[in-house]
1. Would you kindly state how much longer the chain becomes between A:Ala293 and A:Phe23 on full extension, computed as 0.36 nm times their sequence separation minus their alpha carbon distance, in nm to one decimal?
2. Answer rounded, prolate or oblate for the range A:219-294, using the Cα gyration tensor with square roots of eigenvalues a ≥ b ≥ c: rounded when a/c is under 1.5, else prolate when a/b is larger than b/c, else oblate.
3. Ordering B:Lys207, A:Lys58 by accessible area with a probe of 1.4 Å, largest first, what comes out?
4. Taking each residue in A:162-172, count the Cβ atoms of any other chain within 10 Å of its Cβ, then average. What number comes out?
5. Given R₀ = 51 Å, FRET efficiency for B:Asp142-A:Ala62 by Cβ-Cβ distance, to 0.05?
6. I want the local charge near B:Glu150. Using Cβ-Cβ distances under 15 Å, sum +1 for each Lys or Arg and -1 for each Asp or Glu among the other residues.
7. For the range A:204-287, which chymotrypsin sites (Phe, Trp or Tyr not before Pro) are in a loop by DSSP, counting at most 15 other Cβ atoms within 10 Å?
8. Could you put B:Val303, B:Val65 in order of accessible surface area, largest first, with the 1.4 Å probe and the full protein assembly present?
Amino acid sequence: MSIFVDENTKVIVQGLTGGQGRFHGLRNRDYGTKVVGGVTPGKGGSDVDGVPVFNTVKEAVAATGATASFVVVPPKFASAAILEAAEGGITFIVCITEGIPAQDEAITYNRLVEEFPGVRLLGPNCPGIISPGKCNIGITSGDIALAGGPVGIVSRSGTLTYQALYELSQQGIGQTTCVGIGGDPVPGTNFIDCLAAFQADPETLAVMMIGEIGGSEEERAAEWIKTNMTKPVVSYIAGVTAPAGRKMGHAGAIISGSKGTAQAKMDALAAAGVYVCLNPTEAGQKMGEIVKAL
Amino acid sequence: MDLFEYQGKQYFARYGIAVSPGDIADTVDQAVAVAERVGYPVVVKAQVKVGGRGKAGGVKLAHDVDEVRLHAGNILGLDIKGHVVHRLWVERSSDIAKEYYASFTLDRQNKTHLGMLSAQGGVEIEVVAEENPDAIAFLAIDPVRGLDVETARRWVNDAELDEAAREQAAELLVNLYECYTKGDCDLAEINPLILTPDNKVHALDAKVTLDENASFRHPEWEEFRADEFEDPREKLAKEKGLNYIGLDGTVGIIANGAGLAMSTLDVVNQVGGTAANFLDIGGGANADVMASALEVINTDPKVKAIFVNIFGGITRVDEVANGVLEALSRVEISTPIVLRLDGTNALEGRAILAPHLNDSLITEPTMLDAARRVVSLANA
């Protein structure tokens, strides 16, 4: 099995008529994802390479039965697009948009929680989600993933998500689902959401977790793992050498005072029984050993 | 973007937060002119983006023109923890009855805004939090609902601010929250927030960090940008649209994606090297971006070797390879370059570089191999 999305998930793309939306939306479709429609206000009735375009999410959902949306619109429109998706009946929203103001993210997140408790947002500023061989929503290149499990991946960083997929696929180790939760300060989906889903998924037998400096999500995940997780977890935390007080690219990746350091996160994870590795290659090799011994 | 104190105070003033009358000065004569205008005594304050100015001699009280000349002369050019003072803020000195602390920031764990208010201001809030956590009144604020003056009134009571300060402080806190939210701050902090003997509440300091992601709706931030970077490498990188942070080592780093760039720093460190910088060329970087990245790193005299670590996702490796060749034709790169290229169009990218490989343009199959090679070159 896979988590959050599978071969039956019907997806619409908000922003399908834009350059990025078209490229990635069609690439997702070509991968085998059920991309059933696009949404661009004012362009309803047209199509993008055969995919019908609607003016609103509501119309798209009514016509296609989609339950998932891929939001690929510029930062100033992203919050409105996410809320429109939730109002339109979408229950799983993937937003890859980078550069959304933190104030907007905080409002959008809390409105979703308060008004649409059944809706899950993945991102913003994330690479998306791929259940290899079944469904790919986002910007991950499908050919670096390998279907069949047994490893689940959850990652805060985009390129390190690809690196993790690659390290496993190179060894012939497949993935059930790979979730990129994104590096922004207010992510819709966090490590624990994904770890819990992997723990509950019978086909996921081990989990690779890629974290980075900033915040305390990795520490909270470690607490959760300690009491709830029976499946082995291998982790890598980026930013051991990062200086304090400087944002390392992601809005969320900053060491403030003594908080948010890679070392604190690694210590917390190790204390929870997680295999803590020092670089992505080592993490891949460790996972290789674990999978062989299963 | 971190603001200087004077910029933070200018920003506060836009939202109706009371600050002391004052102005900036880049020379001793300008400092005197400001002092004459606002009236003695004045405080002469070094403008640097680092804490501990007072202890370093960067904040002085001046009662007359001679003292302004003396202190301004001493503080201009002063090195405070590696930050050289080029600008002063000169303001009318305030009599202080009480010092408080107030701030708003994002509580990432609870995904709400967090207000912190304390009747014990003037010292580092981390110290208060450590030694006397009960002295801080925390307020969780739902970003959807915001902060109203009724809640702010209860909050100043909870924090046990002096009676005389409460109503003014409540109103100021609502304004500060407006500044924090509408003004798109990651942090808006006043330490100290003071009560004067004649019962006036106002901000004596300003610490503001702006959220760069919101710059599209803040054209007024443009004036803050001129002085944003003290590191000339960072200034050049910003002009070229690159996400660059200067460090002190000898291995120049270029990677696509923040996580991979951080990871590259780590791996270089693990195999015995030191990074000269963090540079994320981002997703979808083309040849021109790659060429700019190499040019920026090439201006750093400490760099002894360059590590280009690319995992193509949106970024296409053939574009990266073309960018490297373009950079080599545009500028003379004085140090060897080690590349690790994987992901989208990696085979095409490696093929493009193959005829050009030599002792100073090297490819390695994995991230670890490349790190070892570049570090051995940098340390040679």
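The values are calculated or read from the model by the stated rules, or taken from the named source; none is laboratory data. No experiment lies behind these values; they were computed from the predicted model shown. Cβ coordinates were reconstructed from backbone atoms using ideal geometry, including for glycine residues, and neighbour counts include every protein chain displayed. The protein model used for the area step is the full one, side chains on, heavy atoms only, and it has no ligands, DNA or RNA in it. Shrake-Rupley method; radii C 1.70, N 1.55, O 1.52, S 1.80 Å.
1. Numbers: separation 270, 0.36 × 270 = 97.20 nm, distance 4.03 nm.
Value of the extension gain: 93.2 nm.
2. The shape class here is oblate.
3. A:Lys58, B:Lys207
4. Numbers: counts 10, 10, 1, 1, 3, 2, 0, 0, 2, 0, 0.
Mean inter-chain Cβ contacts per residue within 10 Å come to 3.
5. Efficiency, from the Cβ-Cβ distance: 0.95.
6. -1
7. On the way: sites: A:Trp224, A:Tyr236, A:Tyr275; in loops: none.
Loop-located and lightly packed - none at all.
8. Working: B:Val303 10, B:Val65 50 Å².
Largest to smallest exposure gives the sequence B:Val65, B:Val303.
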